[in-house]
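Q: Before anything else, here's the structure in question.
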Amino acid sequence: LWIVTFFLEFWKRRQAELEYEWDTVEYLEQEEQVRPEYEARCTHVVMNEITQQEEHVPYTACGKCVRMTFCTSAIFFWILLIIASVVGIIVYRLSVFLAFSSKLSQHVNGTEALRKYLTPQTATSVTASLISFVVIMILNIVYEKVAILITDFELPRTQTDYENSLTTKMFLFQFVNYYSSCFYIAFFKGKFVGHPGSPVYWLGKYRNEECDPGGCLLELTTQLAIIVGGKAIWNNIQEVLVPLVKNLIGRYSAAARSEKVVPRWEHDYHLQPIGKLGLFYEYLEMVIQFGFVTLFVASFPLAPLLALINNMLEIRLDAWKLTTQFRRMVPQKAQDIGAWQPILQGIAILAVVTNALIIAFTSDMIPRLVYYWSFSVPPYGSHSTHTMEGYINSTLSVFNISDFKNESKPSSPWLGKQTTCRQVYRDLRYPPGHQHQYEHNIYYWHVIAAKLAFIIVMEHVIYFVKFIISYVIPDVSEKTKSKVKREKYLTQKLLHENDLKGVKKTMGKIAEIISKGADSTFRPKDE
């Protein structure tokens, strides 16, 4: 996470250098041209507070409020639709797990190793992750069109305003679309399941989904691997095949219509147009990847390596695509990367919280440390030295079969002569017969306190170090500052010299006039 801070700080320095080299240091919004779509709708006259002159705008203040309200409502509606798709995946997990539990072992014929790893939980997790990936890719296409329609309805004034507004909407959609399932697995799945005899039901019908006996960390890693790997492969194939196929179709159709030799410039004209949002999708792809690499790196440490390999391939594919499949881009002036900068900074801040929560609540690190240092030795443990022996047994709770409710009681052949059972998921509760039976025991509250303390300490330490790094590394390097000061000095010197020349020229004329007047005054008159 500190590497992310270094990356953002050094990018600010590089951005300052580019601003100086490309002469956009003092780039003002007034210098940017107004979008034709905006000018075509200007029918209302208002007074400009800056120039104190009348100007035409496409809507009044009341009309702007109506547009913003409608657009905000539409954004929330589509975000709720994304959440509904995640709920659908959860229902699929709950429904299919029962089917896999009853039929998978009967139909799987193979070695013992295959039966060991192809468990109902694994099959449910992998199939749900694949379905989730397909749903994400489909919703991306839909939300891209929706975001453009909403932004067009807002009618921003300049291209920069248009791109910033579209950036915010697209990233919001993509953030919920890509990360919602990962957040569910990391922070909600298996956290509110109750215990045997008193399970928690979801929608009044389905039992809340439980994690694998080993925890949800492996399932989160599976989800991330499928989404990150599938997204990278799909995007690269799409970036290569779509423009290539379009150009081939256009080339063959043009060759069929004309028999003469076509010059090179006409061949280039028939290539695919880059469009005003050509680089927007490249930024969006990198920012989403940046989120996967930072937000969930504690559960999927291989993500940065996969991202590096993908980016090395992406650079060559983009170079091939821009030089052979698209027309030459028309350069436009911009001061910085716009809304992407605060988005990257927000992801870096959120990544500290998510990784702290993953380590504390999704992994087993804190319970293991609490057992090793506190519950393996007296007064809570029976071992003479700190050890992990007996840890698994301490995480399992005892349940009396007679305490099952009728609606959740297993069939009699399954019970046999058993009177007690171990919970199939790990929980820390008092055994039957205790005055606080089936309530959380002292080990649970020690673990909760340790988790909260770990989160607070980790966040404060990392945020403090991030602040120190941001303070120590200036946004503009001393070399760039010297260049800017040198340029301002030369500009002021040139203006001063021009003013001096003007003053000397003016003073010379005045002196000449005065000298002529003095000569005529003191010259003796001829008698």
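Q: How do the peptides 341-353, 176-188 rank, highest first, by the average count of neighbouring beta carbon atoms within 10 Å per residue?
A: Order by mean packing, descending: 176-188, 341-353.
Q: By how many nm would the segment from residue 336 to residue 141 lengthen if fully extended, with 0.36 nm per residue of separation less the alpha-carbon distance?
A: 67.5 nm
Q: Report, by chain and number, residues whose modeled amide H sits under 5 Å from the one on residue 197, excluding near sequence neighbours (fewer than 5 apart, same chain).
A: 405
Q: Straight distance only, please: which aspartates and glutamates reach the Cα of residue 485 with their own Cα at less than 20 Å, same-chain residues fewer than 8 apart left out?
A: 17, 19, 21, 23, 26, 475, 497
Q: Compute the accessible area per residue over the chain, keeping the other protein chains in place, probe 1.4 Å, unit Å².
A: Accessible area per residue, the chain: 62 Å².
Q: Grab the beta carbon distance between residue 73 and residue 152, set R0 = 22 Å, and tell me the FRET efficiency rounded to 0.05.
A: After rounding to 0.05, the efficiency reads 0.85.
Q: Over the chain, what is the percentage of antiparallel beta bridges among all DSSP beta bridges, to the nearest 5?
A: Expressed as a percentage, antiparallel bridges in the chain total about 95.
Q: I've got another one for you. How big is the Rg/Rh ratio for the chain, C-alpha atoms only, Rh by Kirkwood, two decimals?
A: 1.15
Q: Right, something else. Below 8 Å, C-alpha to C-alpha, sequence gap of six or more: please give me the relative contact order for the chain in percent.
A: Across the chain, relative contact order equals 18 percent.
Q: Let me ask something additional. For the chain, what is the charge dipole size about the Cα centre, in debye to the nearest 20, if Lys and Arg each add +1 at the Cβ and Asp and Glu each add -1 at the Cβ?
A: 960
The values are calculated or read from the model by the stated rules, or taken from the named source; none is laboratory data. Note that the structure is a prediction, hence the values are computed from the model and not measured. A quick note on method: Cβ atoms are made from the backbone with ideal geometry, for glycine too, and the neighbour counts reach across all protein chains shown. Each accessible area value is taken on the protein alone, full model and side chains, heavy atoms only, with ligands, DNA and RNA left out. Shrake-Rupley method; radii C 1.70, N 1.55, O 1.52, S 1.80 Å.
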